[in-house]
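The values are calculated or read from the model by the stated rules, or taken from the named source; none is laboratory data. Remember, predicted model here, so these are calculated numbers, not experimental data. Don't worry about glycine lacking a Cβ; one is built from the backbone with ideal geometry, like all the others, and counts go over all protein chains shown.
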Amino acid sequence: MAEPRAVTRRGDARLWLAGGWLLLALLAAIFAPLIAPQDPLAQDLMFERLPPFWMQGSEPGFWLGTDSLGRDLLSRLIYGGRVAFIVAFAAASAACLVGSALGLIAGYFGGWPDRIVSRIVDVWMAFPPVLFAILLVAVFGTGLTSVIIAIAIIDWTRFCRVIRAEAMSQARMDYVENARIAGFGRIGIMLREVLPNVAPAIVALLSLEMGIAVIVEAILSFVNLSISTDDPTWGGIIAEGRLSIHQAWWILVFPLITLFLTVLSFSQFGEGLKNRFDPVMR
Amino acid sequence: MSVPCLAISNLSATLANGVRVLRSVSLAVEPGVVTALVGESGAGKSMIGKAVLGVLPPSVRIVEGNIALEGIDLGELKPKARRVLVGERAALIPQDPLTALNPSRRIGPQMTDRLVHILGWAGDKADRRVRQLLDEVQIRDPDRVMQSYPHELSGGMRQRVLIAAAFAAEPRLIVADEPTTALDVTVQKQILRLIAELQKEHGTAILFVTHDLGVVAKISQNVSVLYAGKVVEQADTPSLFENPQHAYTRALMAATPRYTDPLASLKPVDETVLAGLASEIAAADRDWVAP
């Protein structure tokens, strides 16, 4: 019994570490006006490219230094988290809803519903995702809503493929046949018997997708196609930091670390939750 | 004579490529009687059970004949009406207790589902009923079992749960599809005894699908012997064992291992018997025109 317990404990540590970072980042984003030490938009050319607090020439109150316009980096990261989390939750949920529903139907019913959904997915996957996103935002116009819609439109196939495969293997199980014999209709069986068994996969994917949405939003910000250029976003800060990498590395490195930790935490949190959700693994 | 609980007449089924898997099968299960269906694997025993319960795989098509449940011809019902009728009056004890329960749902709700949603019982009444049935299948702690997930129970326990679930709705007919095959020998015996007890108590008719003549002798009153989708012999159990008519039945009996002389008695079905069966089946297929 020692080994499964060890696995569970490691899974727990992963869940708590990832969840802790996400909670911290989320709270910081929600309470940004209370927490941020400076106004993220206030420029001060006297204070441009200040280094982080432990280096020579830093100023108190500007913990992670300032960017090339003298704006406080930490405050910009905290405010940038707002956009990142809104996009993560909204885009991932939308992609999850559409993709899981279609995947569940295709996998469980098979036959022509499956053929239609699978062909659409095949066509969808042929588009290079980031270019597709840029194209979509160019069409919809920039702004938070169009970024969210674009990410959902690109990434629903990720859910669809995985959930279809899961639903397919569940649909062949004897308990599905038993429910049929008991007199239940197909939709009832799909929701009552199949859905709970694919739920862990949905949860894991949803969390992973939130991380991916954060990355895609950062990429769109990086190419200046996300929300208005005034509001700080992680991708936007990275783009600015790239320009002064030789004079002030921190402007690039801190948003990258933030992005990295957040995306990693989303995927690890999802895996941890999946194991929690799965009655056999529990 | 009363209406048989299950009457299958002249049932033929083919695969998509036209190969016959059931060859004009007729059999009847009288109310409250256990009828066994024996045959080797691949003979189509389980197929008959699935046909009755309406869960044939999509590749198998019924081409002629009909199945009547308590006098109602299932072929004439609309799919939904058929499903509900079968759900109310028939049940299955499945072969593999490991996959027959949903791994992510607790036992209790899985067992009450049919009572509540198909038969329209109130939740607490269904709960009481299931608890009582779990008691009847000699599960000591019904409340704990109902709170459990399937993986927390042993194979024998799960099969007891499935038996209780099958009897819970008081069906007229239970199809038992090799219910002891996936269990180890000591548990097999208990489960068999349990099914026999509950059958007597509830007066349920059972179509008992098995490959094991030993099981047939213990539990059934009537037997149909199936070979390659064709019924080769039908009789009541005592006379089948005393006086088997068909060469294949005799060969099957000879092939059953005996504890007293395990190696000597273990002989496969004789070549000449198989040749006879092959020509019998060829003759049946020659006369048969797909409708």
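Just a few scattered comments:
- Any chance residue A:71 is more than 20 Å from residue A:261 (Cβ to Cβ), among the basic types (Lys, Arg), in contact with a strand residue (DSSP E or B) (Cβ under 8 Å, 6 or more places away or on another chain) and surrounded by 13 or more Cβ atoms within 10 Å (Cβ to Cβ): no
- Residue satisfying all of: in the stretch B:44-66; within 15 Å of residue B:10 (Cα to Cα) and hydrophobic (A, V, I, L, M, F, W, C); surrounded by the most Cβ atoms within 10 Å (Cβ to Cβ) among these: B:48
- A residue that is facing another protein chain (nearest Cβ under 9 Å), under 20 Å from the mean Cα position of the chain (by Cα) and either at pLDDT below 90 or assigned to a helix (DSSP H, G or I) (or both) occurs somewhere in the stretch B:113-130.
- Residue count for the stretch B:71-108 under the criterion of being closer than 18 Å to residue A:173 by Cα and not aliphatic (A, V, I, L, M): the result is 10.
- Looking only at residues of the stretch B:156-203 that are hydroxyl-bearing (Ser, Thr, Tyr) and assigned to a loop (DSSP other than H, G, I, E, B), we find that the one that is surrounded by the fewest Cβ atoms within 10 Å (Cβ to Cβ) is B:181.
- Tally, over the stretch B:255-282, of residues that are at pLDDT below 80 and of a type in the set (A, V, I, L, M, F, W, C): 5
- Residue count, the stretch A:176-194 (criterion: more than 16 Å from residue B:83 (Cα to Cα), at the interface with another protein chain (Cβ under 9 Å from one of its Cβ atoms) and surrounded by fewer than 22 Cβ atoms within 10 Å (Cβ to Cβ)): 1
- Restricting the stretch B:135-150 to residues that are surrounded by fewer than 15 Cβ atoms within 10 Å (Cβ to Cβ) and in contact (Cβ under 8 Å) with a residue 24 or more places away in the chain, the residue that is farthest from the chain's Cα centre (by Cα) is B:147.
- When residue A:172 is tested against (1) modelled with pLDDT under 90; (2) farther than 30 Å from residue B:111 by Cβ; (3) within 14 Å of chain B (Cβ to nearest Cβ), exactly one condition is not met: (2).
- Set B:87, B:44: member being within 16 Å of the chain's Cα centre (by Cα) and facing another protein chain (nearest Cβ under 9 Å): B:87
- With a requirement of 3 or more residues that are within 29 Å of residue B:130 (Cβ to Cβ), the strands (runs of 3 or more DSSP E) lying completely within the stretch B:1-111 that satisfy it span B:34-38, B:90-93.
- Counted residues, the stretch A:97-134 - those being of a type in the set (Ser, Thr, Tyr), in contact (Cβ under 8 Å) with a residue 60 or more places away in the chain and either touching a His at 6+ places or on another chain (Cβ under 7 Å) or more than 23 Å from residue A:177 (Cβ to Cβ) (or both): 1
- Checking B:69, B:92 one by one, the residue that is of a type outside the set (Gly, Ala, Ser), surrounded by 15 or more Cβ atoms within 10 Å (Cβ to Cβ) and facing another protein chain (nearest Cβ under 10 Å) is B:92 and no other.
- One residue from B:17, B:10 being in contact (Cβ under 8 Å) with a residue 40 or more places away in the chain and either within 22 Å of residue A:179 (Cα to Cα) or away from every other protein chain (no Cβ under 14 Å) (or both): B:10
- Out of A:214, A:253, A:203, A:263, one residue alone is of a type outside the set (D, E, K, R), surrounded by 24 or more Cβ atoms within 10 Å (Cβ to Cβ) and either in a loop (DSSP other than H, G, I, E, B) or modelled with pLDDT of 90 or more (or both). It is A:214.
- Every pair of residues 6+ apart whose Cβ atoms lie under 6 Å, when the first sits in the stretch B:30-45 and is modelled with pLDDT of 90 or more while the second is assigned to a loop (DSSP other than H, G, I, E, B): B:30/B:4; B:31/B:5; B:32/B:203; B:33/B:221; B:34/B:220; B:34/B:221; B:36/B:220
- Any hit, the stretch A:195-218, residues being among the acidic types (Asp, Glu) and facing chain B (nearest Cβ under 9 Å): no
- Single residue of A:76, A:115, A:164, A:119 found to be in a helix (DSSP H, G or I), of a type in the set (Lys, Arg) and modelled with pLDDT under 95: A:76
- Verdict on residue B:57 being under 19 Å from the mean Cα position of the chain (by Cα) and in contact (Cβ under 8 Å) with a residue 60 or more places away in the chain: no
- Within the stretch B:131-151, the set of residues being more than 14 Å from chain A (Cβ to nearest Cβ) and of a type in the set (S, T, N, Q) comprises B:132, B:138.
- Hey, residue A:193 charged (D, E, K, R), touching a Ser or Thr at 6+ places or on another chain (Cβ under 8 Å) and in a helix (DSSP H, G or I) or not: no
- Condition check for residue A:137: more than 14 Å from chain B (Cβ to nearest Cβ), surrounded by 20 or more Cβ atoms within 10 Å (Cβ to Cβ) and assigned to a helix (DSSP H, G or I): yes
- Of all residues making up the stretch A:44-61, the number that are in a loop (DSSP other than H, G, I, E, B) and out of contact with any Ser or Thr (no Cβ under 9 Å at 6 or more places or on another chain): 8
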